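The values are calculated or read from the model by the stated rules, or taken from the named source; none is laboratory data. Computed from a predicted structure; not experimentally measured. Cβ atoms come from the backbone with ideal geometry, glycine included; neighbour counts cover every protein chain shown.
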Amino acid sequence: MEAIVNQFKIKKTKPKTLNLHLSLGGGIIHVLLIAWSLTTIFPLVWVLNNSFKERTLILKDSFSLIDTNTFTIANYVTAFSRMNILRSYFNSFMISGSVVIGVMFFGGLAAYVLARYKFRGRDFIYAALISAVLFPAFATIVPVFMGLYKFNLINKHIGVILPQIAGNLPFAIIILVGFMENIPLELEEAAVVEGCGAWQIFTKIVIPISKPSFATVGIFTFLWSYNDLFLQMIIIRKSEFLPICALLNKISSEYGTDYGLMTSAVTLVVIPVMIVYLFLQKYIIKGLTAGAVKG
């Protein structure tokens, strides 16, 4: 009887130790995540708060919260009246939208071929794609600029669209291949029995099943294209073709001391990115993890 009681006590105390260990580890992780989130969120809150202040007040006390006496939208009025914000928004969305469509189309086709067809050089191509992700954009800017200049594509939207499509394709193909390899082959075999060709299989079976992965590729491609200030500054010089990020850089150069205008411009640049991420973050997580488990 005593042995049974002792055995029961051992079984009862082990989970308590385990729960204590897990709760301690979870608490540390939560503290670190909260500290990291504060370092990320605080600058955004600071910029948004100061965008509704007068320039002189920002210089005096940039950390005070706005109230009914200090609130003003004059900075945003100045941003829209002095700088052509709407045209720059249009340029950004046209460039980023075209890049997303091109990357998803060509990346989807290439990923399907690499995931389903066995041919000589397949492994080399896949290894080259992985290596291409490691190269920074500025490492290839000279030949890219020379090629665009030769074909008279400088100061044109297509001069930014084509390099961005090429730069985002390796990442897109790697993500899509990892997902498509996990699609059951029996579905495609059944489609072949029904008389479907390769194109019909790709459009009617592979694409619908791969929507989470395509959504992830589309979101990341849009964000990277939208924020690609380096290429935009090199290729586009005319004001009427400037995307919103390049326009912000121009504002910082010409009106660097006008902190009210600067903070309002930064807010206008960040808003689309925040909207895209907040509403589509579940697709980012789902798409990145969908192809991670084999079998």
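In table form, for the structure just shown:
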{"quantity": "Test: residue in region 198-215 that is small (Gly, Ala, Ser), touching a residue at least 24 places away in the same chain (Cβ under 8 Å), within 18 Å of residue 90 (Cα to Cα) and assigned by TED's automatic domain parsing to the domain that holds residue 268", "calculated": "no"}
{"quantity": "Criterion (within 30 Å of residue 209 (Cβ to Cβ) and at pLDDT 70 or above) met by exactly one of 241, 279", "calculated": "279"}
{"quantity": "Filter result for the condition that a residue is touching a Leu at 6+ places or on another chain (Cβ under 6 Å), in a helix (DSSP H, G or I) and in contact (Cβ under 8 Å) with a residue 12 or more places away in the chain, over 88, 96", "calculated": "88"}
{"quantity": "Which numbered condition residue 8 misses (of (1) at pLDDT below 75; (2) under 36 Å from the mean Cα position of the chain (by Cα))", "calculated": "(2)"}
{"quantity": "Sole residue being in contact with a Phe, Trp or Tyr (Cβ under 7 Å, 6 or more places away or on another chain), at pLDDT below 90, among the hydrophobic types (A, V, I, L, M, F, W, C) and not in a helix (DSSP H, G or I), chosen from 58, 66", "calculated": "66"}
{"quantity": "Hey, residue 142 within 16 Å of residue 237 (Cα to Cα) and in a helix (DSSP H, G or I) or not", "calculated": "no"}
{"quantity": "Filter pass, residue 46 being under 25 Å from the mean Cα position of the chain (by Cα), surrounded by 10 or more Cβ atoms within 10 Å (Cβ to Cβ) and over 19 Å from residue 265 (Cα atoms)", "calculated": "no"}
{"quantity": "Of residues in region 176-211 being of a type in the set (D, E, K, R) and under 31 Å from the mean Cα position of the chain (by Cα), the one farthest from residue 111 (Cα to Cα)", "calculated": "204"}
{"quantity": "Considering residues of region 83-94 that are under 19 Å from residue 47 (Cβ atoms) and either touching a His at 6+ places or on another chain (Cβ under 6 Å) or not hydroxyl-bearing (Ser, Thr, Tyr) (or both) only, the residue surrounded by the fewest Cβ atoms within 10 Å (Cβ to Cβ)", "calculated": "85"}
{"quantity": "Qualifying positions in region 175-194 - in contact with a helix residue (DSSP H, G or I) (Cβ under 6 Å, 6 or more places away or on another chain) and in a helix (DSSP H, G or I)", "calculated": "175, 176, 177, 179, 180, 187, 188, 191"}
{"quantity": "Some residue of region 174-195 being closer than 28 Å to residue 269 by Cα and assigned by TED's automatic domain parsing to the domain that holds residue 103", "calculated": "yes"}
{"quantity": "Cβ pairs under 7 Å, 6+ apart, first in region 261-275 and on the phi > 0 side of the Ramachandran plot, second assigned to a helix (DSSP H, G or I)", "calculated": "none"}
{"quantity": "The listed residue being loosely packed, with under 15 Cβ neighbours inside 10 Å and hydrophobic (A, V, I, L, M, F, W, C), out of 57, 65", "calculated": "65"}
{"quantity": "Options 145, 106, 135; residue that is of a type in the set (Phe, Trp, Tyr) and without any contact (Cβ under 8 Å) to a residue 60 or more places away in the chain", "calculated": "135"}
{"quantity": "Search result, residues across region 73-82 that are polar (S, T, N, Q) and surrounded by fewer than 16 Cβ atoms within 10 Å (Cβ to Cβ)", "calculated": "81"}
{"quantity": "The one condition in (1) part of a helix (DSSP H, G or I); (2) surrounded by 13 or more Cβ atoms within 10 Å (Cβ to Cβ) that residue 153 fails to fulfil", "calculated": "(1)"}
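Here is a yes/no grid of residues against (1) under 21 Å from residue 241 (Cα atoms); (2) outside the structural domain of residue 274 (by TED's automatic domain parsing); (3) among the acidic types (Asp, Glu); (4) more than 22 Å from the chain's Cα centre (by Cα):
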site	(1), (2), (3), (4)
37	no, yes, no, no
65	no, yes, no, yes
71	no, yes, no, yes
74	no, yes, no, yes
107	no, no, no, no
122	no, no, no, yes
126	no, no, no, yes
